[in-house]
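Participant: Here it is, the structure in full.
A short reminder: the numbers here are calculations on the coordinates, not readings from a lab. The structure displayed is predicted, hence computed values, not measured ones. No Cβ is skipped: glycine too gets one built from the backbone with ideal geometry, and neighbour counts run over all protein chains shown.
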Ligand code: PRT
Ligand code: ZN
């Protein structure tokens, strides 16, 4: 299956914490589609829309490069990629159309539960394991502090016990993962939820009209939830 450029392309997470809510939201916006297990692309049956299912980490760059028109992604991933691309002088612009109210979590500093926490500044020069070194770096830099990066894209919570890091900076929702690993949350550095983004470049009139229709419906869906 291929996708044609005149159709509106929307990227969502293929399989993960945002997938079900993203698919549900598209249905609520009146987009009719059938997701076949492993397919990358689903063509909407009733509108000129193609849905692309990819890793969440790939969504920001696809939108920033203008390859995809719209994307649904966590603000945490979006801003981390934005900072990374800015540092690499790559296209990093997009429009945030609407925060969606699901996928809520916080990015927090956590340390072994038997250790005292004075302040984020007291972590200066310590090794911190994280998948979000740029968000963490920005937060600490604003406090005049720096850290040694231990980049892990999974199993971040085991790093202190494994002797790899002094602290971690990871996503938290219930706190159960931290607790199970003998860690305590000491400072929230960023709050996140899923958000709808659009590429920066203007759309041709037909696509823009379709987006306007979807946005009007989205307002309705979000206010009905309140
Ligand atoms: O395969 P792909 O790359 O697409 O998926 P992924 O494994 O990178 O991402 P996924 O599906 O785990 O998360 C997608 C997005 O969901 C994240 O980028 C966040 O925006 C959002 N989200 C919301 C979360 C959580 N809540 C969350 N709790 N992402 C991850 N977690 C993890 C966290 O990393 C930790 O391991 O859940 C654990 C903590 O949960 P609690 O409940 O024990 O505190
Ligand atoms: Zn991912």
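Participant: When region 190-209 is examined, which residues are found to be touching a residue at least 60 places away in the same chain (Cβ under 8 Å), in contact with a helix residue (DSSP H, G or I) (Cβ under 8 Å, 6 or more places away or on another chain) and either in a loop (DSSP other than H, G, I, E, B) or more than 21 Å from residue 56 (Cα to Cα) (or both)?
Facilitator: 193, 200, 203
Participant: If only one of 49, 12 is within 16 Å of ligand 2 (Cβ to nearest atom) and touching a residue at least 60 places away in the same chain (Cβ under 8 Å), which one is it?
Facilitator: Going through 49, 12 in turn, the sole match is 12.
Participant: Now for a different question. Using the structure shown, decide if residue 24 is away from ligand 2 (no atom under 14 Å from the Cβ), free of Cβ contacts under 8 Å to residues at least 24 places away in the same chain and within 21 Å of the chain's Cα centre (by Cα).
Facilitator: Considered against the rule, which asks whether it is away from ligand 2 (no atom under 14 Å from the Cβ), free of Cβ contacts under 8 Å to residues at least 24 places away in the same chain and within 21 Å of the chain's Cα centre (by Cα), residue 24 comes out as yes.
Participant: Need the failing condition index for residue 153 against (1) within 10 Å of ligand 1 (Cβ to nearest atom); (2) in a loop (DSSP other than H, G, I, E, B); (3) farther than 30 Å from residue 12 by Cβ, just the number.
Facilitator: With (1) within 10 Å of ligand 1 (Cβ to nearest atom); (2) in a loop (DSSP other than H, G, I, E, B); (3) farther than 30 Å from residue 12 by Cβ applied to residue 153, the lone miss is (3).
Participant: Taking region 113-135 as the region of interest, how many residues are closer than 13 Å to residue 186 by Cβ and crowded, with 18+ Cβ neighbours inside 10 Å?
Facilitator: Result for region 113-135: 3.
Participant: Can you name the helices (runs of 4 or more DSSP H) wholly within region 1-103 that have at least 1 residues being away from ligand 1 (no atom under 13 Å from the Cβ), out of contact with any helix residue (DSSP H, G or I) (no Cβ under 9 Å at 6 or more places or on another chain) and more than 30 Å from residue 136 (Cα to Cα)?
Facilitator: The qualifying helices (runs of 4 or more DSSP H) are 19-28.
Participant: For the subset of region 103-135 comprising residues that are within 16 Å of ligand 2 (Cβ to nearest atom) and in contact (Cβ under 8 Å) with a residue 60 or more places away in the chain, which member is farthest from residue 151 (Cα to Cα)?
Facilitator: For region 103-135, the residue satisfying everything is 103.
Participant: I've got another one for you. Scan region 105-137 for residues that are more than 16 Å from ligand 1 (Cβ to nearest atom) and in a strand (DSSP E or B) and report the count.
Facilitator: Total meeting the criteria: 2.
Participant: Which condition from (1) assigned to a helix (DSSP H, G or I); (2) within 11 Å of ligand 1 (Cβ to nearest atom) is the one that residue 168 breaks?
Facilitator: Residue 168 satisfies every listed condition except (1).
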